[in-house]
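Trainee: Have a look at this one before I ask anything.
Every number here is computed from the coordinates shown, using simple stated rules; none is lab data. It should be emphasised that the depicted structure is a prediction, and the values quoted were computed from it without experimental measurement. Positions of Cβ are generated from backbone atoms using ideal geometry, with glycine treated the same way; all protein chains shown enter the neighbour counts.
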Amino acid sequence: MIETATTTEKLNKFEKFKAEKDGLAVKNEIENFAQIGWEAMDENDLNHRLKWLGVFFRPVTPGKFMMRMRLPNGILNSNQMSAFAEVVQRYGENGSADITTRQNIQLRGINLADIPDIFNKFHKVGLTTIQSGMDNVRNITGDPVAGLDADEFYDTRELVQQIQDMLTNNGEGNPEFSNLPRKFNIAITGGRDNSVHAEINDLAFIPAFWGNEDQVPIFGFNVIVGGLFSAKRCEAAIPLNVWVLPAQVVLLSKVIVEIFRDHGLRANRLKARLMWLLDEWGIEKFRAEVEKRFGQSLLPAVDKDQIDWEKRDHVGIYKQKQSGFNYAGLNIPVGRLSADDMFEIARLSEVYGSGEIRFTVEQNIIIPNIPDSSLTAFFTESVLEKFSVNPGLLMRSLVSCTGAQFCNFALIETKNRALSMIKSLESELTLSRPVRIHWTGCPNSCGQPQVADIGLMGTKVRKNGKMLEGVDIYMGGTVGKDAHLGTCVQKSIPCEELQPILRDLLIQNFGAKLKEEALISH
Ligand code: SRM
Ligand code: SF4
């Protein structure tokens, strides 16, 4: 029995419309919507319930919808990539796609009338968009080089897929988990460098070996809970003090999502994420409830943190654990792809690899399984001029959320501005190491500025009586080993004044040097 709210709580308007009709109910109505058109749809169906199917009405571009997929562990194949390309191609210059900060992809420009056909197309190639938005579990992230990396502790692919299958009823939609109090993020890391930013998820599994020095170590995961970024609050996940075997991960995930569903706070949407329940209950009570529902006592967390590497960005060519094979990490500037780009990536993966393609949380692409003997030919492909395996040291780590071009929450334009600013900075500066710059268009923090070396969060700034687009600057975010969140160091910088400020930050804090020609002109 799902309690939609405790008796003492007042329902917020989202809880009310969910109680009237479950989000997943629109699955059976999509043919009708396609026929009547978006203008004739019920407001809650249009603005909210469609998101249960991964279909997003965009008030910025009315009539041109966005579709958000689910890609467990960020893995797809060339047929699926071609299917995305075909969908987007239909919309000409209105169509494009964005790789997201959850190893996922969103397609843009879509007409409602086409959506039933698009669903059929996706079904045929094993793709689903189900429950990828609103009060559901988001795309589940796993190590981008799972199964390829010789140094990994654990290949996360199977577990991530199993959790998705359990939560979504194999991609068909699962009413058991379609009415959470809010979104819920899950990540599993199996490598040595925490490539998925585990600590910014509501639930994450981190490699940890059980056993003393003189025992054979047993592999498992420490569990952390409650991580979130939101306009109201940003927190790293905290230890649940539980260690589990890989075979226990799916059940533990189920139990924790159920507790969130049944007891998560539903009165105030700004205080509905798991961390707020943890505040109210305390971690001990929460752990006891997890144990009760899990049905057996859970072992305490293992002290040793096994994440012992700095974070890798996977851009470049790397040897795989499979002898004679390589993976190529392509930099996709701010994650944006056209239909032609997607056809090209699909072709590359077929010609040189095994047809497999992966996405990273940095909005880049990995093409695995390229034999040594194919590398020389691979390097001659002209698409690598656009999607480089050896980009500039700022471009390779650049991340940006959607911003004002398509997102109605945005306070500023992000992707295009981020690109042009990075190009200018790279032309002025010589760098000796990558610097991770993340742009996010508003305090919702989809672009994760708090994990960046330099995070830029959109805001409005008043200058000479005029309202301008501006940013708050975050610094000190670290990822991988000893990950912790960055903090705001400067507020309300108009975007038009930002570039010299970034240049100085890069020189003062990250060892950048002005190029000679730039020195002359300054
Ligand atoms: Fe996000 C809402 C885009 C990752 C925190 N996010 C939105 C919406 C759906 C708002 C909307 O309806 O316009 C944005 C869609 C814009 C569009 O047209 O693309 C949006 N979020 C994104 C993506 C596409 C950013 C990107 O460019 O990569 C990412 C999609 C991930 C995916 O594939 O599912 C995305 N969003 C994130 C992350 C990062 C992460 O998960 O690691 C966060 C912070 C982490 C977290 O959730 O704790 C994030 N998005 C939010 C929030 C604040 C959540 C909260 O608890 O308040 C919102 C607003 C909301 O949910 O009410 C939001
Ligand atoms: Fe939109 Fe704000 Fe998220 Fe950027 S951070 S995608 S502007 S909601």
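Trainee: Mind checking which of G465, N136, G282 is farthest towards the positive end of the chain's charge dipole, using Cβ charges of +1 (Lys, Arg) and -1 (Asp, Glu) about the Cα centre?
Mentor: Going by the Cα projections, it comes out as G465.
Trainee: Based on Cβ point charges of +1 for Lys and Arg and -1 for Asp and Glu, what charge dipole magnitude is obtained for the chain about its Cα centre, in debye rounded to the nearest 20?
Mentor: Once rounded to the nearest 20, the dipole reads 1240 debye.
Trainee: Cα centroids of the stretch 450-522 and the stretch 232-265: how far apart, whole angstrom?
Mentor: 35
Trainee: What percent do you get for the relative contact order of the chain when only Cα pairs under 8 Å and 6+ apart count?
Mentor: Relative CO of the chain lands at 13 percent.
Trainee: Which value in deg cm²/dmol, rounded to the nearest 500, describes the helix-derived mean residue ellipticity at 222 nm for the chain, given -39,500 (n - 2.57) per DSSP H run of n ≥ 4 and division by the residue count?
Mentor: -8000 deg cm²/dmol
Trainee: What is the magnitude of the charge dipole of the stretch 396-520 about its Cα centre, with +1 placed on the Cβ of each Lys and Arg, -1 on the Cβ of each Asp and Glu, and no other charges, expressed in debye to the nearest 20?
Mentor: That gives the stretch 396-520 a dipole magnitude of about 180 debye.
Trainee: Now for a separate question. Leaving out same-chain residues fewer than 8 places away, which lysines sit with a Cα under 19 Å from that of K124?
Mentor: Filter leaves K27.
Trainee: Percent of Cα-Cα pairs more than 26 Å apart in the stretch 396-520, please. Don't skip to the answer; put the middle values down first.
Mentor: On the way: 1409 of 7750 pairs.
When every Cα pair of the stretch 396-520 is considered, 18 percent fall beyond 26 Å.
Trainee: Next up: So how compact is the stretch 279-435: Cα radius of gyration and Dmax in angstrom?
Mentor: Every Cα atom of the stretch 279-435 included, Rg and Dmax give 21.0, 60 Å.
Trainee: Which Cα, out of C407, T380, L419, lies furthest along the positive dipole direction of the stretch 376-480 (beta carbon charges, K/R +1, D/E -1)?
Mentor: Projecting each Cα onto the dipole axis, the largest value belongs to C407.
Trainee: Name the cysteines of the chain that stand alone by the Cβ rule: no other cysteine Cβ under 4.7 angstrom.
Mentor: Result for the chain is C234, C407, C442, C488, C495, no neighbouring Cys Cβ within the cutoff.
Trainee: Can I ask one more? Note the count of lysine pairs whose C-alpha atoms are less than 29 angstrom apart in the stretch 334-486, limited to pairs 8 or more residues apart or on different chains.
Mentor: 10
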